[in-house]
1. Is it the case that LEU262 is within 20 Å of the chain's Cα centre (by Cα), part of a helix (DSSP H, G or I) and either more than 20 Å from VAL172 (Cα to Cα) or at pLDDT 95 or above (or both)?
2. Any idea which residue in the range 171-199 is surrounded by the most Cβ atoms within 10 Å (Cβ to Cβ), counting only those that are within 23 Å of TYR79 (Cα to Cα) and charged (D, E, K, R)?
3. If LYS293 passes every condition in (1) in the same structural domain as ILE237 (by TED's automatic domain parsing); (2) assigned to a helix (DSSP H, G or I); (3) without any contact (Cβ under 8 Å) to a residue 60 or more places away in the chain; (4) out of contact with any strand residue (DSSP E or B) (no Cβ under 6 Å at 6 or more places or on another chain) but one, which one does it miss?
4. Would you call ILE195 closer than 24 Å to ILE162 by Cβ, β-branched (Val, Ile, Thr) and assigned to a loop (DSSP other than H, G, I, E, B)?
5. So is ILE176 assigned to a helix (DSSP H, G or I), of a type in the set (Val, Ile, Thr) and more than 21 Å from the chain's Cα centre (by Cα) or not?
6. Counting only residues that are in a helix (DSSP H, G or I) and closer than 7 Å to ILE63 by Cβ, how many does the range 84-98 have?
7. Identify all residues within the range 258-281 that are of a type outside the set (S, T, N, Q), open to solvent by 10 Å² or more (accessible area, probe 1.4 Å) and touching a helix residue (DSSP H, G or I) at 6+ places or on another chain (Cβ under 6 Å); write none if there are none.
8. Scan the range 116-130 and give yes if some residue there is assigned to a helix (DSSP H, G or I), out of contact with any Ser or Thr (no Cβ under 7 Å at 6 or more places or on another chain) and within 28 Å of ILE162 (Cβ to Cβ), otherwise no.
Amino acid sequence: MATTIKDIARKAGVSISTVSLVLNRRGYVADETRERILSIIEEMDYKPLHSARKLATQKTGNIGYILWEGHFSEVEMFYSQVFLGMEYAARKNDYYILLTTVNDHFDPRQDLPRFLQYNDVDGVALAGRVPLDLIHYLDKHAIPFVLVDYEVPGKNYNTIKIDNYNGAFRAVESLIEQGRKYISFVGGTFIHPSIKERYRGYKDALEKHGLLNNSYLETYSYCEDVETSRAIGEKGIKKLLKSRPEIDGVFCCNDTTALGVLSGIQSMGKTIPGDVAVIGFDDIPPAEFSSPKLSTVSVPKLDIGKEAYKLLYERIHNPNIMPQTRTISVDLVIRESSQTKNKP
C-alpha cells in the first residue's frame, strides 16, 4: 500500500499541514522538524501526488528548469532571461516553471532536484552547461527534456541552439571592415559548445580576410579553462596588451567577459574604440549601460525560452516524436565600444 501524507505526519509526530508546508517549501517550519520530516519522506519512499490534475491526467502541470549554479549569479543574466521566456510561454497552457540549480559534483543518488525525486514535473529544461550525469539520469528514466544552449557530442537530444558561429563571424568581420588588423579573442572554457562555435567564427572570419597565419591565434587569443567572468576578461586583455600592444580589436566570448575587457583596456591608458574596439556576445542588460556602451551580438533570450518550452511541451504530449534541434538567429548591435575606424 502506498505511503500517504498522513503516514508521514503520524511517524513525524506533526500535523498534516506541517508536512504539506515542508513538501511545498512554504511557511515557517523549524529546521529540526523540517529535517526530521524530510528524512522520513526519504525513508518511506513517499511520492506525493500534489494535485487532482495529476490524478486525472497523469500530468503535474509543472516543468523543471535546471541551471548549473555557476551560471546563476548577479553578473550572468543570460539564463535568467531564458527562464522568463519559458515562464511567459507556459502561462498559455497553465504550466508552472520550477527553477533549481545543480553543482559540478552532482550525484543523482544524493543531489537529485526535489521535483525529480517526487515525480513532480512532466519534463525538464536544462540550461547551459549541466552535469552529464544529470542528462544521463533523465535519458535513462525516459523523462522528457530539452537542452538549451548546450549539446552533447554524438547524442541526438531535443536542443535549442544559438547561431553562435554566424554571430561571431559577423562581429569579427565588422571589426576587419573598419580596418582593424590585430584582433584578439578573450574567453573562458571551451567545455561549453557555444564558446567553441564563437571561437570558430572568429577564426574563420580572420581566415576569409587573409589575416590568419601560423602564429596569429596563439599570439592574439586568451582562453582560460575556467567559467567566463569579468575577471577573466580583465586579466586576459591586460596580458595580451602587454605582449602585443598593437592589438586594435577584441572579440569576447560573451558580454560578461567583455565588461572585464573594457575595464582592462581603460586601466592600461588606452581608449575605446579609438585604440581598441570591443565586441561582446549575448546582449545582457549591463551591455547597454557600460561605459562605453558595449557593441555585442544580440541573442533573443526570451525567444529562446519560449521555443524551449514549445519543444518540450510537444515532447511531453507526443513522446514518440523524433528529437529536434532548433537554431535561434542573432543580430549584431553596434554601440560606442565599436565604431568605424578609417582604413589607412
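1. Values: within 20 Å of the chain's Cα centre (by Cα): no; part of a helix (DSSP H, G or I): yes; either more than 20 Å from VAL172 (Cα to Cα) or at pLDDT 95 or above (or both): yes.
No: the conditions fail for LEU262.
2. Within the range 171-199, the match that is surrounded by the most Cβ atoms within 10 Å (Cβ to Cβ) is ARG198.
3. (2)
4. Spelling it out, it is not the case that ILE195 is closer than 24 Å to ILE162 by Cβ, β-branched (Val, Ile, Thr) and assigned to a loop (DSSP other than H, G, I, E, B).
5. yes
6. 1
7. Looking only at the range 258-281, we keep the residues that are of a type outside the set (S, T, N, Q), and these are 258-262, 264-265, 268-270, 272-281.
Then keep just the ones that are open to solvent by 10 Å² or more (accessible area, probe 1.4 Å); that gives 259, 268-270, 272-275.
Matches in the range 258-281: LEU259, MET268, ILE272.
8. For the range 116-130, residues assigned to a helix (DSSP H, G or I), out of contact with any Ser or Thr (no Cβ under 7 Å at 6 or more places or on another chain) and within 28 Å of ILE162 (Cβ to Cβ): present.
The values are calculated or read from the model by the stated rules, or taken from the named source; none is laboratory data. Because the structure is predicted, anything quoted here is derived from the model rather than measured. No Cβ is skipped: glycine too gets one built from the backbone with ideal geometry, and neighbour counts run over all protein chains shown. We work out accessible area using only protein heavy atoms, side chains counted, and drop any ligands, DNA or RNA first. Shrake-Rupley method; radii C 1.70, N 1.55, O 1.52, S 1.80 Å.
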